[in-house]
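Below is one structure, written out as C-alpha cells, with a few remarks after it.
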Amino acid sequence: MKAYAMLGLNKAGWIEKERPECGPLDAIVTPVALAPCTSDIHTVYEGAIGDRHNLILGHEGVGEIVEVGSLVKAFKPGDVVIMPAITPDWGSLEAQSGYAVHSGGMLGGWKFSNIKDGVFAEFIHINEADANLALLPEGMEPETGCMLSDMMPTGFHASEMAGVKFGDDVCVIGIGPVGLMAVGGAALRGAANLYAVGTRPNCIKVAREFGATDIISYKEGPIHEQILEKTGGKGVDRVLIAGGNVDTFDTAVRMLKPGGSIGNVNYLGSGDYIKIPREAWGVGMGHKTIHAGLMPGGRLRMEKLSAMVVNGRLDPSKLITHRFEGFEHIEEAVALMKDKPADLIKPVVRVK
Ligand code: NDP
Ligand code: ZN
C-alpha cells in the first residue's frame, strides 16, 4: 500500500509498505478524510520524540471499516468511523488505574505516528476497535469528524485538567486549532473573562466566535504583564496552554491567582527544562497547580464530544481553512502545517 511517512529526521515522503494485519480485537480501515497535526511537524522536523524511519505519519481522520477481527462486537465492514489520535490498551494496568493514555508506559496510548504506523495510509490498523473507534454521527461531514480525532478532545482536555468552573477568569495561551478548542471548551464550562493569546487574524476571529472576550498578542510584551494590567493586578483563575514553548510556564505561573491551576496540552518540541518562577509560585506555597497531559482517547469520549457537536454546542468545522480532494494532497497539507501561513488554521484532505 501507499503511505506518507517520516523517512528520518527532517524528511517526509511517500513510501510503499505492507498492508497491516487485523488481529481478533482490531479493525482495518481505509481513509475517507485525513488531517495533519502540528504534532506531526514536531515529530519530523524537531525530532521531538527521536528519530524514526519509514514510520507512517498522521493520527487524525475518518475512515471506512474494511475488516474487523473475530472478537469485535460494535463495528462491521462498511461503518464510517472517527479514528482517535490516542488508541490505548484498555485492558492494561495503567488503564485500570485511570490512565489508559499511558498504557504500557508513559504516553503509550499515543501509538499512531509514534510507536506504530499512522493514518496517512491506504489501510490503517486500529487496535481494540470496540474501545477505540466511534461511528461518525449521521449527517456529520467527514472533514468535521476529523476535528474530533484530536483537536476537540485535546483542547477540551486543557480545561478539564485546569478544572475551569463557572465564573472563572481564564487565559488560553495559543489559539491555533488546539487552543481554539480550549477556548470553546472553557466557554462551555462557564468562563467569565476569557483571554485568548495569539496573532493570526483567522484564529482571532474564530476565538471570538468561540467565546474569547479579549485578545492578547504575545508579540506585544510579556503575556502576564498584559493580563495583570487587564485584571487590576489580580491575575486569572486558570491558564490553558496550547502554544508557546518551555518558557511559557514562567508567564503562566506569574499570571495565576493563588489556588489557580494550569492545564497544558502543548507538545514541548525542544528544550530540556521548564521554568517555574520561585517567588511568583508563592516560594513553593502558592497552591498554584500545574497539570499537563496527553488527551485521553476512547470511544466514550468521542461519542460524548460528537454528541455535543450534533447538538450545536460548538462547531469544530470552523477550524477548517484549507480543503483538498485526493489522497496525494496529504503532502501539501503537511507542508501547510509546517509553514503555517497566516490564513491557516487547519487543513483537511478528503480521500473519498
Ligand atoms: P499552532 O502552531 O497552530 O498554534 C500555536 C499557537 O501558539 C498560535 O496561536 C501561536 O500564535 C501561539 N504561539 C506561538 N508562539 C507563542 C509564544 N511564544 N507565546 C505564546 N503563544 C505563542 O498549534 P496547534 O494548535 O495545532 O497545536 C498546539 C500544540 O498542541 C502543539 O504543540 C501540538 O503539537 C500540541 N498537541 C498536543 C496534544 C495533546 O494531546 N497534548 C494533541 C495535539 C496537539 P500565532 O497566532 O502568532 O501563530
Ligand atoms: Zn494531532
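The values are calculated or read from the model by the stated rules, or taken from the named source; none is laboratory data. Because the structure is a prediction, the values reported are computed rather than measured. Because the Cβ atoms are built from the backbone with ideal geometry, glycine has one as well, and the counts that use them run over all protein chains shown.
Among the residues of the stretch 143-170, which ones are more than 16 Å from ligand 2 (Cβ to nearest atom) and either over 17 Å from the mean Cα position of the chain (by Cα) or of a type in the set (Val, Ile, Thr) (or both)?
Once the filter is applied, which keeps residues that are more than 16 Å from ligand 2 (Cβ to nearest atom) and either over 17 Å from the mean Cα position of the chain (by Cα) or of a type in the set (Val, Ile, Thr) (or both), the stretch 143-170 yields 163, 164, 165, 166, 167, 168, 169, 170.
Where strands (runs of 3 or more DSSP E) fall entirely within the stretch 207-295, those with at least 3 residues that are touching a helix residue (DSSP H, G or I) at 6+ places or on another chain (Cβ under 9 Å), outside the structural domain of residue 40 (by TED's automatic domain parsing) and more than 29 Å from residue 95 (Cα to Cα) are at 214-216. For the stretch 229-259, taking the residues that are within 24 Å of the chain's Cα centre (by Cα) and surrounded by fewer than 22 Cβ atoms within 10 Å (Cβ to Cβ), the one that is nearest to ligand 2 (Cβ to nearest atom) is identified as 243. Taking the stretch 114-155 as the range and being among the small types (Gly, Ala, Ser) and away from ligand 1 (no atom under 15 Å from the Cβ) as the test, the residues that pass are 121, 129, 131, 134, 139, 145. Listed here are the helices (runs of 4 or more DSSP H) enclosed by the stretch 101-183 that have at least 3 residues being crowded, with 23+ Cβ neighbours inside 10 Å: 142-146, 151-162. When the stretch 185-208 is limited to residues that are more than 20 Å from residue 256 (Cα to Cα) and not charged (D, E, K, R), the one that is surrounded by the fewest Cβ atoms within 10 Å (Cβ to Cβ) turns out to be 201. Can we say residue 320 is within 14 Å of ligand 1 (Cβ to nearest atom) and closer than 22 Å to residue 4 by Cα? When the stated conditions are applied, residue 320 passes them. Yes or no: residue 47 away from ligand 2 (no atom under 16 Å from the Cβ), without any contact (Cβ under 8 Å) to a residue 40 or more places away in the chain, within 25 Å of residue 102 (Cβ to Cβ) and part of a loop (DSSP other than H, G, I, E, B)? Here the answer is yes, as residue 47 does meet what is asked. Candidates in the stretch 318-335 are the residues that are free of Cβ contacts under 8 Å to residues at least 60 places away in the same chain and not in a strand (DSSP E or B); of these, the one that is nearest to residue 155 (Cα to Cα) is 335.
Filter the stretch 303-317 for residues that are among the aliphatic types (A, V, I, L, M) and either touching a Leu at 6+ places or on another chain (Cβ under 6 Å) or in a helix (DSSP H, G or I) (or both) and give the result. Scanning the stretch 303-317 gives 305, 307, 308, 309, 310.
Here's the yes/no breakdown for (1) among the hydrophobic types (A, V, I, L, M, F, W, C); (2) in a loop (DSSP other than H, G, I, E, B):
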residue	(1), (2)
4	no, no
23	no, yes
32	yes, no
39	no, no
43	no, no
51	no, yes
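The condition of being free of Cβ contacts under 8 Å to residues at least 40 places away in the same chain and either crowded, with 24+ Cβ neighbours inside 10 Å or more than 20 Å from the chain's Cα centre (by Cα) (or both) holds for only one of 88, 31, 36, 77, that being 77.
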